[in-house]
Amino acid sequence: MGGARADSKDTLKVFRKQHPHLSIHDVPYDTPKDMPAWYNLLDVLALPSLREGLPNALLEGMACGRAIVATPAGGIPDALRDGQNGRLVPIGDAHALAGAILALLADPAERARLGSAARETVLAEFTPEREVALNLETYQRL
């Protein structure tokens with residue numbers, strides 16, 4: 001499930017052809033209030049970013065307790081730590097991405113462990129209160 005960019009549509013077609021047993025859905029944009037329902041349908045959230053800040057989709061998926069496979073683009077490794085609360089694969093490595101996704105699909109206990117750890121990370125490190133406190137600390141230091 002996700003919104004594939006126009007330049008990713010061919011890659012999605014190839015992946016679907018290679019893995020016809022997987023249920024993959026390309027869905028349009030939805031409102032923020034409806035997103036938890038979508039995230040909670042997922043077994044694995046894949047974020048194969050090439051360049052990134054700290055994506056809302058990452059934090060939203062983590063908050064919903066989803067197992068996540070992502071690339072270490074931009075700020076993603078600030079939140080997602082390989083083996084602790086998710087899986088990180090090299091940028092542009094489709095085989096590593098597919099392998100990590102398939103490994104998690106085959107291991108419900110590991111998905112649950114990573115999803116739980118991801119949620120705990122968001123609750124501890126990415127709250128609005130913590131963001132405000134860190135911004136104020138930065139301003140005071142400057």
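Some notes on this structure:
- Amide hydrogen neighbours beyond the local backbone of ALA46, cut-off 5 Å, H modeled: VAL69
- FRET efficiency for the ASP43 to LEU134 pair, using the beta carbon distance and R₀ = 35 Å, is estimated at 0.60.
- Take the Cα of THR127, step 7 Å toward its Cβ, do the same at LEU102, and the gap between the two points is 4.1 nm.
- Annotation: amide H-H contacts under 5 Å for GLY86 (H modelled 1.01 Å from N, sequence separation of 5 or more, or interchain): ARG81.
- Gaussian network model of the chain, Cα within-10 Å springs - most flexible of LEU42, LEU80, LEU123: LEU123
Computed from the coordinates by the stated procedures, all read-outs in this text should not be read as laboratory data. Quick caveat: nothing in here was measured; it's all calculated off a predicted structure. All Cβ positions, even for glycine, are placed from backbone atoms using ideal geometry, and neighbour counts span all protein chains on display.
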